[in-house]
2 protein chains.
Amino acid sequence: MTEFPKTSQNRIKRLPKRGYYDSETIYKILDEALICHVGFVENKQPFIIPINFARVNDTIILHGAKASRLLKHIEAGNPVCIEVTLVDGLVLARSVFHHSINYRSVVLFGSGQTIEDDQDKMAALEAVTEHIVPGRWGEARLPNRKELNATSVVSIRIDQASAKVRSGPPGDEEEDYALPIWAGVLPLQEMPLSPKRDELMTQNIAVPKYIAKYSRKQK
Amino acid sequence: MTEFPKTSQNRIKRLPKRGYYDSETIYKILDEALICHVGFVENKQPFIIPINFARVNDTIILHGAKASRLLKHIEAGNPVCIEVTLVDGLVLARSVFHHSINYRSVVLFGSGQTIEDDQDKMAALEAVTEHIVPGRWGEARLPNRKELNATSVVSIRIDQASAKVRSGPPGDEEEDYALPIWAGVLPLQEMPLSPKRDELMTQNIAVPKYIAKYSRKQK
C-alpha cells in the first residue's frame, strides 16, 4: 500500500474527514467501477467523456478507435482528470439540509502515453476486457491484426489521487431527532438482471458461469 | 421539444448514429441520473467533481456549502461541462473487439449564476431534493434561515448538449457468428435494497411509500 501525497489538486477540502489517500482504498473503488469519467481541456473549455477502463498497478488503461479525439488528446501528453463514483445509497435525514448520498468516489490526475508494442497492447486490452467481465478474455475471439491496428491504447500513470467516502446513517441536528419523520438509508446497488441471449446465436450454448454469477463486488 | 444545435463542442464524432440532440431524449436521461459529473478548468488543469443535481427546464441546479470550490468557480461565471451516464448492460460479442456497454449518456455545456433570491433558492433546493427522492420535500424539515445562508445554489443554463445511446445486442463480424461462444447482453440496473431505518429514530414510523417503492425509472 502506498500513500498519495496531498497536494492542492487532490486534497479533499470539503469535509476532509471523508478523504482517503491510500492506494488500497483508491484502487478498490477504481476496480469496482465499470466506467470512468475522463476530463480534459481543449481551448480552455472543459470536456468530460465516459469510457470503460482498467487499472493496472498505478496506471489507468483506456482504449478506443484510432480516430478518437479523446485518445489523440491523451496521446499528445495532455493532463487529464479521471473520476469514478459508486453510489451506495440515499441518506434520508429528518431535515432537508442533512440529506446526503452514500458514495465512494475517486478523483485522479495524470497524463498518458500510447502503448505501441503489440504484446503490451494485447495485455492492456486483456486487462480492459477482464475489468468488464472477468473470464471473458479466455473465451472470446481475440483481436486480430486489423482490429489491433484500428485500436489505440493509452496508459495513464496515476500521479495524484484521492478518494472520498460517505457511509452510514444520517446525521441530524440534535433538536430534529424527535421529529415524526422517517429517517434512514435506502441502499442502492447496480445489479445484473437475467442475461439476454443474442438471437443470432447459431448453437445452443449455456450461459457462462462468469455471466450467470456476475458481480462487481466479487473482485 | 427543442433541438440543440450541433457545434464543434457537442457534436458526436465517434459513431454519430448514436448521437441525439433533442431535448426530450436529453432531459429524460438527465432526470433518471442520480448524480452528475461536473468538469471545470483551473490553471489549465481539468477537474471533475461528482455531485447531485436537478434539471429545471433548460437549467441544471447544483448546490453545496458556501465554501465549496466548485460552486465558487461556477458563481464566477466559468464554463463547465456536465456529464451523466446510465449503464444499461454489458454487451458480450463473440469477438473481444466488438464487446461494448449499453448506456445512455449526456454531455452538456454552460455557465452558471448564483441564485440569490430566497424564494428562488428554496424552489431550487426543492427541485434538488425531489430529484433524489420524489415526495421527500413535503415531509422533511425544510431549510431554516441559518441553513439557507450556509448554502450556495447555482443555476447553469444548458447552452449546448448531446446524448449518446447504445442499446441492443452485440454486432459481430459475419464470419464470427458461427463461433461456439455465448453472446448476448447482461442487463445491469441500479436497484434499491431494503431501506435501513436509522437506529436513532425515537418513534415507530412506517417506511414512506416513496421510499418503499423507490425507482428512478418511474419519473
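Structure above, values below:
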read-out	value
Residue within region B:175-193 that is touching a strand residue (DSSP E or B) at 6+ places or on another chain (Cβ under 9 Å), more than 7 Å from every other protein chain (Cβ to nearest Cβ) and either more than 30 Å from residue B:74 (Cβ to Cβ) or modelled with pLDDT under 95 (or both) present	no
Out of B:109, B:40, sole residue that is without any contact (Cβ under 8 Å) to a residue 60 or more places away in the chain and more than 30 Å from residue A:176 (Cα to Cα)	B:40
Test result for residue B:108, closer than 15 Å to residue B:36 by Cα and in contact with an Asp or Glu (Cβ under 7 Å, 6 or more places away or on another chain)	no
Residue check for residue A:33: more than 9 Å from every other protein chain (Cβ to nearest Cβ) and within 30 Å of residue B:187 (Cβ to Cβ)	yes
Contacts under 8 angstrom Cβ, first residue in region B:154-166 being within 26 Å of residue B:66 (Cβ to Cβ), partner of a type in the set (A, V, I, L, M) and surrounded by fewer than 20 Cβ atoms within 10 Å (Cβ to Cβ), 6 or more apart	B:155/B:56
Conditions (1) of a type outside the set (A, V, I, L, M, F, W, C); (2) within 11 Å of another protein chain (Cβ to nearest Cβ); (3) in contact (Cβ under 8 Å) with a residue 12 or more places away in the chain; (4) surrounded by 13 or more Cβ atoms within 10 Å (Cβ to Cβ); number of the one not met by residue B:134	(2)
For residue A:140: the one exception among (1) over 26 Å from residue B:47 (Cβ atoms); (2) crowded, with 22+ Cβ neighbours inside 10 Å; (3) in contact (Cβ under 8 Å) with a residue 60 or more places away in the chain	(3)
Restricting region A:38-53 to residues that are β-branched (Val, Ile, Thr), surrounded by 23 or more Cβ atoms within 10 Å (Cβ to Cβ) and over 12 Å from the mean Cα position of the chain (by Cα), the residue that is nearest to residue B:49 (Cα to Cα)	A:48
Complete set of residues in region B:106-126 that are over 30 Å from residue A:40 (Cβ atoms) and either surrounded by fewer than 18 Cβ atoms within 10 Å (Cβ to Cβ) or touching a Pro at 6+ places or on another chain (Cβ under 9 Å) (or both)	B:116, B:117, B:118, B:119, B:120, B:121, B:122, B:123, B:125
Positions within region A:7-48 being among the β-branched types (Val, Ile, Thr) and modelled with pLDDT of 95 or more, in sequence order	A:25, A:26, A:29, A:35, A:38, A:41, A:48
Candidate set from region B:194-213 (those that are under 27 Å from residue B:85 (Cβ atoms) and in a loop (DSSP other than H, G, I, E, B)); member that is farthest from the other protein chains (Cβ to nearest Cβ)	B:213
Index of the failed condition, residue A:216 passing every other in (1) within 7 Å of chain B (Cβ to nearest Cβ); (2) closer than 30 Å to residue A:13 by Cβ; (3) not acidic (Asp, Glu)	(1)
Index of the failed condition, residue B:126 passing every other in (1) assigned to a helix (DSSP H, G or I); (2) more than 9 Å from chain A (Cβ to nearest Cβ); (3) more than 23 Å from residue B:48 (Cα to Cα)	(2)
Sole exception among (1) without any contact (Cβ under 8 Å) to a residue 40 or more places away in the chain; (2) among the acidic types (Asp, Glu); (3) touching a Cys at 6+ places or on another chain (Cβ under 8 Å) for residue A:120, by number	(3)
1 or more residues of a type in the set (Lys, Arg): qualifying strands (runs of 3 or more DSSP E) within region A:1-61	A:54-56
Residue check for residue A:162: in contact with a strand residue (DSSP E or B) (Cβ under 8 Å, 6 or more places away or on another chain), more than 7 Å from every other protein chain (Cβ to nearest Cβ) and part of a loop (DSSP other than H, G, I, E, B)	no
Failed criterion for residue A:103 (all others in (1) surrounded by fewer than 22 Cβ atoms within 10 Å (Cβ to Cβ); (2) among the aromatic types (Phe, Trp, Tyr); (3) assigned to a strand (DSSP E or B) hold)	(1)
Residue that is closer than 27 Å to residue B:30 by Cβ, in a loop (DSSP other than H, G, I, E, B) and not hydrophobic (A, V, I, L, M, F, W, C), where the choices are B:180, B:169, B:187	B:169
Whichever residue in region A:131-151 is in contact with a strand residue (DSSP E or B) (Cβ under 7 Å, 6 or more places away or on another chain) and assigned to a helix (DSSP H, G or I) and, among such residues, is farthest from residue B:177 (Cα to Cα)	A:131
Tally of residues being at the interface with chain B (Cβ under 7 Å from one of its Cβ atoms) and among the polar types (S, T, N, Q) across region A:41-99	5
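The values are calculated or read from the model by the stated rules, or taken from the named source; none is laboratory data. Computed from a predicted model, the values in this text were never measured in an experiment. Cβ coordinates were reconstructed from backbone atoms using ideal geometry, including for glycine residues, and neighbour counts include every protein chain displayed.
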